[in-house]
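Data first, discussion second: the structure below is written as structure tokens.
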Amino acid sequence: MPERIYLDQAATSWPKPECVYQAVDHYQRTLGVAAGRGGYADALEVARRVERTRAAVARLIGAENPRHVIFAFNGTDALNMAIQGALGAGGHVVTTVVEHNSVLRPLRALEQTGRVAVTRVRCDEQGVVAAEDIRQAIRRETRLIALTHASNVTGALQPAAEVGRIARQADVLFLLDAAQTAGEVHIDVQRLQVDLLAMPGHKGLLGPLGTGVLYVRPGVEHRVASFRQGGTGTVSEDDRQPATLPDKFESGNLNVPGILGLGAAVEWLAARGIEPLRAETIALTARLLSRLREMPGVTVPGPRGADERVGLVSFTVADVDAQEMAAILDTSFGIQVRAGLHCAPLMHGALGTLSSGGTVRLSYGPFNTAVEIDRAAAAIDAIVEQMR
């Protein structure tokens, strides 16, 4: 078999920085205790390291207060904390066809119970939503705007800053899903006027699986109910959920090894710099787009500019099944990519790729190289030529 080339970073990042493995291993072998559940030395050390991670994430996204960085179990969990907590009976939500099922399914479930009404704004032919269309969809009873920062199908960056201004002017909560942008694109929650920011820890943030983050803007916590209730290690004499952050949203034992690994990853990203890493990703994207667009029968949805995307490119080949293409890339070339609908059915409906089984997606991160991109492009070209 050829040497493995991993191009499925949009699903989960691999490899991780060495410091991530070391942080997890040190916790498991040396510390091994719960956070916030004891007053002895090792428990206090674990609590200190958890708070260090919280502070590192806050710095990375420009959060006002680390206590407003809430640890979740993944990006889907963070989104559910925001969606389920923010919506009361009779509310209305504006979202888009670009969203992942982690947004679409909770909203559909609430809609089916009659708890909320949902408007799903369309996108243009490049997979980008117009901020003005979102503004026009707002009603008097609108409580939440939920928008992905970048499509996990096309990589297209969405107009988050414009939507943030619209939401703030309308006094509507703005939830931004940063599943594909956190760690790759500079995020400043204050500049973007984000009320709620959901992020998985294991994708662009380069942390372990089983980690996620929900940022809650100061003052907004009073408009969001706790998604789950239980032990927090604080105010144990009261059987009511604490109202203070982060305890209001962090019930049960935290995934401490994951959080400490995430902390190491975020500090690694901060040391490298988001902007230099972003420039490297744009260069890889431009390289891949140029090669794919030269191939006959290959269609690449999404924006033409590499700087209008995250490190993700999907494509289809006329009369070739996406799953078959991915299987050949894996078995014959050792290139691991994702094929299918990518948990984004409305996006594929808008692109016209739903009935044909979706797209082949290549996604890459800080440890991928131009040589790997060239090898992937050459393999795709060879398969397409053989199919023809």
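The values are calculated or read from the model by the stated rules, or taken from the named source; none is laboratory data. Predicted model, so just to flag it, every value in this text is computed and none were measured. Note that each Cβ is placed from the backbone with ideal geometry, even for glycine, and that neighbours are counted across all protein chains shown. Ligands, DNA and RNA are stripped out before the accessible areas are found, and what is left, the full protein with its side chains, is counted by its heavy atoms. Shrake-Rupley method; radii C 1.70, N 1.55, O 1.52, S 1.80 Å.
In plain terms, the C-alpha convex hull of the range 1-69 casts an average shadow of 7.1 nm² when viewed from every direction. Between ASP330 and ARG240, the simple spin-label model (points 7 angstrom out along Cα→Cβ) gives 5.2 nm. Computed about its Cα centre, the charge dipole of the range 249-297 is approximately 300 debye, with only Lys, Arg, Asp and Glu carrying charge at their Cβ.
For the pair ASP25 and ALA170, a Förster radius of 45 Å applied to the C-beta separation gives a FRET efficiency near 0.40, rounded to the nearest 0.05. Principal-axis analysis of the Cα atoms of the chain puts helix 160-170 at an angle of about 40° to the longest axis. Can you figure out the FRET efficiency of LEU354 with GLU111, using R₀ = 22 Å and their beta-carbon distance, to the nearest 0.05? Efficiency at R0 = 22 Å is approximately 0.60. Our compactness index for the chain, the C-alpha radius of gyration over the empirical 2.2 N^0.38 Å, is 1.00.
Note on GLU275 and ARG287: the extension gain reaches 2.5 nm, defined as 0.36 nm multiplied by sequence separation minus the Cα-Cα distance. Summed over qualifying helices (DSSP H, 4 residues or more, each -39500 (n - 2.57)) and divided by its residue number, the chain shows a 222 nm mean residue ellipticity of -12000 deg cm²/dmol. Over the chain, what is the mean sequence separation of C-alpha contacts under 8 Å (at least six apart), divided by residue count, expressed as relative contact order in percent? The value is 24 percent. Here's the picture: charge each Lys and Arg Cβ at +1 and each Asp and Glu Cβ at -1 in the chain, and of VAL121, VAL57, THR142 the one pushed furthest to the positive end of that dipole is THR142. Seen against the Cα atoms of the chain and their longest principal axis, helix 41-61 is set at about 50 degrees.
Relative to the Cα centre, the charge distribution of the range 110-265, modelled as +1 at Lys and Arg Cβ and -1 at Asp and Glu Cβ, gives a dipole magnitude of about 280 debye.
Under a model in which nothing but the beta-carbon of Lys, Arg (+1) and Asp, Glu (-1) is charged, the range 148-205 shows a dipole of about 40 debye around its Cα centre. The protection proxy used here, the mean number of other Cβ atoms lying within 10 Å of each residue, ranks peptides 346-358, 272-284, 96-108, 192-204 as follows, highest first: 192-204, 96-108, 346-358, 272-284. Remark: the chain carries 41 Å² of accessible area per residue (probe radius 1.4 Å; ligands, DNA and RNA excluded). The convex hull drawn around the Cα atoms of the range 1-142, when projected onto a plane and averaged over every direction, covers 14.3 nm². Going by Cα centres, the range 248-326 and the range 96-122 are how many Å apart? After rounding, the separation between the Cα centres reads 25 Å.
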